[in-house]
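> Submitted below is the structure of interest, expressed as structure tokens.
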Amino acid sequence: MGVAKKFGVLLCAEDSEYVKKRYGGYYGLFVEMLAEEGERWDVFRVANGEFPDDDEIRDFDGFVITGSCSDAHGNDVWICRLVSLLKKLDSLRKKVLGICFGHQILSRALGGKTGRAITDWDIGVRSIHLSSSSSKLFSSLQIPTTLSIIECHRDEVRELPPKAEIIAWSEKTGVEMFRYGDHMMGIQGHPEYTKDILFHLIDRLTQRCYIEDSYGDELRAKLEIVEPHKDAWKKLCTSFLKGRL
């Protein structure tokens, strides 16, 4: 029998009580989307200073970087430490999948630039378009070339790392996905989210006055009539992380 594959979730956000109770936290969402039989999945709460040891990271087949309320262009101690870890993972050519904040911090670690989005918040279900090269890359998956995904961000990748390639874009965001070599990929949207979680986040954003109540109402109404391509995203993310592309 072969050795079981081992993956790590680099958790960059505090779980809300709602997400903890209903989904087992954000870690639980990623395990539900990505884990397959026989694999081991660990969590490192990097936003709280919990990181894998240098000698430990070699034992992992891949890592997922989650979303966060923090800014990927910030210089908190844990963010700078995460940048250093991602550089090490690149040198070891470990598979890394970055989601939202994870997408942005991965770009920064590889030499790209991030910052506030010129077009402000992007919240809701958005259609993103795969580039012609990525359509070929993902052709074996038999997924649409235009995919709907849940978005909830106000920062973005402004400049790609050298040697990175844009593999998807939208009318709102120029770099919705990028690829760096065959071992690192960033996705600006949230393939792991459900619409229920987004409704919860919209409530939190309005309560904290990040967005206006009227805008929150508009977003909720739109969410009732659109669906993200969750199965296609699961297939894409799992295939990338497990090296099946």
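The values are calculated or read from the model by the stated rules, or taken from the named source; none is laboratory data. All of these numbers come straight from a predicted model, not from anything done at the bench. Positions of Cβ are backbone-derived with ideal geometry, glycine not excepted, and every protein chain shown enters the neighbour counts. What goes into the accessible areas is simple: the full protein's heavy atoms, side chains included, and nothing from ligands, DNA or RNA. Shrake-Rupley method; radii C 1.70, N 1.55, O 1.52, S 1.80 Å.
> Checking the conditions here, which among 4, 13 is open to solvent by 40 Å² or more (accessible area, probe 1.4 Å), of a type outside the set (Asp, Glu) and at pLDDT below 95? Walk me through how you get there before you give the answer.
Working: 13 fails: open to solvent by 40 Å² or more (accessible area, probe 1.4 Å).
Being open to solvent by 40 Å² or more (accessible area, probe 1.4 Å), of a type outside the set (Asp, Glu) and at pLDDT below 95 holds for just one of 4, 13, which is 4.
> Same structure again: Can you confirm whether residue 65 is among the β-branched types (Val, Ile, Thr), closer than 20 Å to residue 240 by Cβ and out of contact with any helix residue (DSSP H, G or I) (no Cβ under 6 Å at 6 or more places or on another chain)? Walk me through how you get there before you give the answer.
Numbers: among the β-branched types (Val, Ile, Thr): yes; closer than 20 Å to residue 240 by Cβ: yes; out of contact with any helix residue (DSSP H, G or I) (no Cβ under 6 Å at 6 or more places or on another chain): no.
Answer is no for this residue.
> Select, from 149, 65, the only residue that is more than 18 Å from residue 228 (Cβ to Cβ) and not small (Gly, Ala, Ser).
Details: 149 fails: more than 18 Å from residue 228 (Cβ to Cβ).
Only one candidate passes the filter, namely 65.
> Which of the residues spanning segment 204-219 are touching a residue at least 60 places away in the same chain (Cβ under 8 Å) and farther than 16 Å from residue 122 by Cβ?
Hit for segment 204-219 is 204, nothing else.
> Would you tally the residues in segment 131-180 being of a type in the set (Val, Ile, Thr) and open to solvent by 60 Å² or more (accessible area, probe 1.4 Å)? Reasoning before the result, please.
We begin by selecting, within segment 131-180, every residue of a type in the set (Val, Ile, Thr); these are 143, 145-146, 149-150, 157, 166-167, 173, 175.
Still in the running and open to solvent by 60 Å² or more (accessible area, probe 1.4 Å): 145, 166.
Here the count works out to 2.
> Shifting gears a bit: Among all residue pairs at least 6 apart or on different chains, which show Cβ distances below 9 Å where the first residue, located in segment 80-100, is closer than 20 Å to residue 188 by Cβ and the second is among the acidic types (Asp, Glu) and in a helix (DSSP H, G or I)?
96/90
> A further question follows. Out of the residues in segment 105-130 that are in a strand (DSSP E or B) and among the hydroxyl-bearing types (Ser, Thr, Tyr), which is most open to solvent (accessible area, probe 1.4 Å)? Reasoning before the result, please.
Here is the first cut: in segment 105-130, the residues in a strand (DSSP E or B) are 113-116, 122-130.
Now narrow it down to the ones that are among the hydroxyl-bearing types (Ser, Thr, Tyr): 114, 127.
Working: 114: 23, 127: 51 Å².
Top of the filtered list is 127.
> Looking only at segment 45-87, count how many residues are of a type in the set (Asp, Glu) and crowded, with 16+ Cβ neighbours inside 10 Å. First the steps, then the outcome.
Of the residues in segment 45-87, the ones of a type in the set (Asp, Glu) are 50, 53-56, 59, 61, 71, 76.
Going one step further and asking which of them are crowded, with 16+ Cβ neighbours inside 10 Å, we end up with 61, 71.
Going through segment 45-87 one residue at a time, the tally reaches 2.
> Evaluate the following for residue 217: is it touching a Ser or Thr at 6+ places or on another chain (Cβ under 9 Å), open to solvent by 20 Å² or more (accessible area, probe 1.4 Å) and more than 17 Å from residue 99 (Cα to Cα)? Steps first, answer last, please.
Values: touching a Ser or Thr at 6+ places or on another chain (Cβ under 9 Å): yes; open to solvent by 20 Å² or more (accessible area, probe 1.4 Å): yes; more than 17 Å from residue 99 (Cα to Cα): yes.
Criteria met by residue 217.
> Among the residues of segment 88-104, which ones are surrounded by fewer than 18 Cβ atoms within 10 Å (Cβ to Cβ) and either among the charged types (D, E, K, R) or at positive phi (or both)? Let's see the steps before the verdict.
Going through segment 88-104, the residues surrounded by fewer than 18 Cβ atoms within 10 Å (Cβ to Cβ) turn out to be 88, 91-93.
Across segment 88-104, the qualifying residues are 88, 93.
> How many residues are surrounded by fewer than 21 Cβ atoms within 10 Å (Cβ to Cβ) and out of contact with any Gly (no Cβ under 8 Å at 6 or more places or on another chain) when one looks only at segment 220-241?
Within segment 220-241, residues that are surrounded by fewer than 21 Cβ atoms within 10 Å (Cβ to Cβ) and out of contact with any Gly (no Cβ under 8 Å at 6 or more places or on another chain) number 14.
> Does residue 121 count as among the aromatic types (Phe, Trp, Tyr) and within 25 Å of residue 165 (Cα to Cα)? Before you say what the answer is, go through the steps one by one.
Numbers: among the aromatic types (Phe, Trp, Tyr): yes; within 25 Å of residue 165 (Cα to Cα): yes.
Criteria met by residue 121.
> For segment 206-245, name all the residues that are in contact with a helix residue (DSSP H, G or I) (Cβ under 7 Å, 6 or more places away or on another chain) and either at pLDDT below 90 or of a type in the set (A, V, I, L, M, F, W, C) (or both).
We begin by selecting, within segment 206-245, every residue in contact with a helix residue (DSSP H, G or I) (Cβ under 7 Å, 6 or more places away or on another chain); these are 206, 211, 213, 216, 219-220, 223, 234-239, 241, 245.
Answer for segment 206-245, where residues must be in contact with a helix residue (DSSP H, G or I) (Cβ under 7 Å, 6 or more places away or on another chain) and either at pLDDT below 90 or of a type in the set (A, V, I, L, M, F, W, C) (or both): 211, 219, 223, 236, 237, 241, 245.
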